[in-house]
2 protein chains.
Amino acid sequence: MTRFGIVGGGLMGHGIAVALAVAGHHVVVYDADCATLASLDERVVRALGRCEMPPDDAGPVAARITAARTLSDMVVGVDAVLEAVPERLDVKQRVLEALEAIIPAMLPVWSNTSVLSLTEVAKGMRHPQRLVGVHWWNPPYVIPLVEVAPGAETDRRFVREACELLNGMGKTTVRLHRDVPGFIGNRLQFALVREALHLLEQEVCDPVTIDTVMRASLGLRWSAVGPMENADFIGLDLTRSILESLAPHLSSAVTFPALEKPLDAGHRGRASGGGLLTWPPGRGEEVARRLENGIRRNLVEP
Amino acid sequence: MTRFGIVGGGLMGHGIAVALAVAGHHVVVYDADCATLASLDERVVRALGRCEMPPDDAGPVAARITAARTLSDMVVGVDAVLEAVPERLDVKQRVLEALEAIIPAMLPVWSNTSVLSLTEVAKGMRHPQRLVGVHWWNPPYVIPLVEVAPGAETDRRFVREACELLNGMGKTTVRLHRDVPGFIGNRLQFALVREALHLLEQEVCDPVTIDTVMRASLGLRWSAVGPMENADFIGLDLTRSILESLAPHLSSAVTFPALEKPLDAGHRGRASGGGLLTWPPGRGEEVARRLENGIRRNLVEP
């Protein structure tokens, strides 16, 4: 089993720690924020409860995750390190610099970035050939997908070894030929979100209607048949004719008034009690539960 | 119960006929193509089998669907007509002109178009105020969603009555404030497909990888939580920051080399044995079955 050090104990860092520990790996987590680190154990226990893991099994899993009080404590005896700090280039670069100062030259380094360019993140590294983009989906202990990508200077051996380890955990890995901002999943997701916002801005419908459409049509299908298989299924000639007809009408926006408006009014979504939708007390928990149930019913063999 | 006339007995027309007949309505179908019309009964029986309807119930449902040999036969005694002919503006306009010549002035007319502009389709109509865009998803007797939209001249009464009838059948209707090409669902779908083709053209990954990503991440979630609720859930500030960072990299293409290449080589997808993916014998049936199973497991109460 592998011993991991994880920098960043927030939502993704702690979720990845749980995923690794469930698979038998040992994880040491460090976070610069004391409160985040102090709540780690409690959040791990809650995550294992959401996995519906019996207490007898959950105990040993939780015991494989420990908190380190310093970055130097975190790296003692680890076989690989993973950064899951916020998606800001300067933050990621500073963390990687601090890590490289205290780890052996050929220790693998994984970055959970997806939105930033991995090649940019690697700039300033002494050994960029060991940096692998390893993008997990939330919650990492439930969603099977992990996207793996090389930066411009990454040695393919590190990519291969990352995939082997993740596949050995039962994860569904995909390998990108090269690093692009957003990898695959977030580009697909935000291409759709961009068009949804466009429909709001064009006053075609309201936000609830967008979600109703997704949940009562496309969302029913995409866990079973992906968009490329579907394009072949309905015919590439039909697909082309629809796309050629629709594409000139689709959004190419790079600014988003439909988000600016609520944000300017202080509406940030769930956390502030309102955003595109209204968030009365209890809705956040209801959505989280609905999401997990939805994911679970689709986690079946093809 | 309502008596419908449907022009166009292909995939969508016959599927809509089945959906209406299952709900107790009577349907008379006309198609200019004799072979399409001749196979109607057989396809209706097959569709009802796929609904897992017991033969005792299927018989009366099938009996509510009849074929008409002429357009004039089709309209006798109907309360509403629906056109489900191919997505070509000239074809739709010609069919509507022929219909209006033989039906009462205030009989509702539904159009299953989604890709064409409904306002364009209505041009040339004597009574465009009665034309309602009623866009079904395939298969119409399984997928709950029906998108309903007015053309520029449509009287809102016809829109309201269409929604009432569809809701009474247990359909999930959404009303667009105005008609746009692609309505909502196909715009969201093809915004995502456009980006998928972009990733292929940029040689980031192959088509199978796109589908793996969808099925192992986003596809697991979108039947439970739509993109607008998710944006609020993760926070509109985070959503904006990701979008602002990714949007300049997303596709704005209006031409599609990733489709041109296989099409130029005669690869049209399933029908020709190959397209973006390979289609050995039996794959088409396997995909259809997988799709229906996927849809069914998600057709649950929220």
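Laboratory data are not the source of any read-out in this text; all were calculated from the coordinates shown. All values derive from a computational prediction rather than experimental measurement. With ideal geometry, Cβ positions are generated from the backbone for all residues, glycine too; neighbour counts draw on all protein chains shown.
Could you calculate the FRET efficiency of residue B:57 with residue B:161 from 1/(1 + (r/R0)^6), where r is the beta carbon distance between them and R0 is 35 Å, rounded to 0.05? In this case the efficiency is close to 0.80. Placing a label point 7 Å from Cα along the Cα-to-Cβ direction at residue A:273 gives distances to the equivalent points in the other copies of 6.6 nm, listed shortest first. Between A:116, A:99, A:250, find the one with the highest GNM mean-square fluctuation for chain A; connect C-alpha pairs within less than 10 Å. Comparing A:116, A:99, A:250 in the GNM, the peak value goes to A:250.
Label-point spacing for residue B:299 across the identical copies (point 7 Å from Cα in the Cβ direction), in nm and ascending order: 2.6. A straight chain from residue A:35 to residue A:254 at 0.36 nm per residue would run longer than the Cα-Cα distance by 75.2 nm.
This ranking places A:113, A:172 by how few other beta-carbon atoms lie within 10 Å of each, fewest first, which gives A:172, A:113. Note on the range B:200-246: Kirkwood radius taken over Cα pairs, Stokes-Einstein applied at 4 °C and 1.567 mPa s, translational D equal to 104 µm² s⁻¹. Amide H contacts for residue B:172 (H built 1.01 Å from N in the peptide plane; partners 5 or more residues away or on another chain; cut-off under 5 Å): B:145, B:146. For residue A:261 and residue A:152, the difference between the fully extended length at 0.36 nm per residue and the C-alpha to C-alpha distance is 35.4 nm. 3J(HN,Hα) couplings calculated from phi for the range B:77-85 with the Karplus curve 6.51 cos²θ - 1.76 cosθ + 1.60 (θ = phi - 60°) are, in sequence order, x, 7, 9, 6, 10, 9, 9, 9, 8 Hz; Gly and Pro show x.
Backbone geometry of the range A:203-213 corresponds, through the Karplus equation with coefficients 6.51, -1.76 and 1.60 at θ = phi - 60°, to 3J(HN,Hα) couplings of 6, 7, 6, 9, x, 4, 5, 4, 5, 4, 4 Hz, x marking Gly and Pro. Can you give me the Cα centroid spacing of the range B:242-256 and the range B:265-295 in angstrom? Value for the Cα centre distance between the two parts: 29 Å. The order of A:52, B:229, going from fewest to most other C-beta atoms within 10 Å of their C-beta, is A:52, B:229.
Working from label points 7 Å from Cα in the Cα-to-Cβ sense, the residue A:138 to residue A:169 distance is 1.8 nm. If you take all other residues with their beta carbon under 15 Å from the beta carbon of residue A:28, and give Lys and Arg +1 and Asp and Glu -1, the sum is -2. Dipole orientation for chain A: of the candidates A:263, A:170, A:230, A:170 has the Cα lying most toward the positive pole (charges on Cβ; Lys, Arg +1; Asp, Glu -1). For the range B:26-45, backbone nitrogen atoms closer than 18 Å to the point 7 Å from residue B:91 Cα along Cα-to-C-beta are found at B:29-40. Taking amide H atoms as placed 1.01 Å from N in the peptide plane, the amide H of residue B:111 lies under 5 Å from those of B:83, B:132, B:133, B:134, each 5 or more residues away in sequence or on another chain.
Only the Cβ atoms of Lys and Arg (+1) and of Asp and Glu (-1) were treated as charged; on that basis the dipole of the range B:154-302 about its Cα centre amounts to roughly 500 debye. Between residue B:286 and residue B:208, the contour length at 0.36 nm per residue exceeds the alpha carbon distance by 26.5 nm.
Cβ-to-Cβ counts within 10 Å put B:106, B:214, A:74, B:125 in ascending order as B:106, B:125, A:74, B:214, the fewest first. For residue A:178, inter-copy separations between label points set 7 Å beyond Cα along the Cβ vector come to 4.2 nm, shortest first. Between B:90, B:232, B:31, the Gaussian network model of chain B with springs among Cα atoms under 10 angstrom shows the greatest mean-square fluctuation at B:232.
A simple rule links phi to the HN-Hα coupling: the Karplus curve 6.51 cos²θ - 1.76 cosθ + 1.60 with θ = phi - 60°, which for the range A:224-238 gives 9, 9, x, x, 7, 4, 5, 4, 5, 5, 7, x, 6, 5, 5 Hz, with x for Gly and Pro. Placing unit charges on the Cβ atoms only, positive for Lys and Arg and negative for Asp and Glu, gives chain B a dipole magnitude near 260 debye about its Cα centre.
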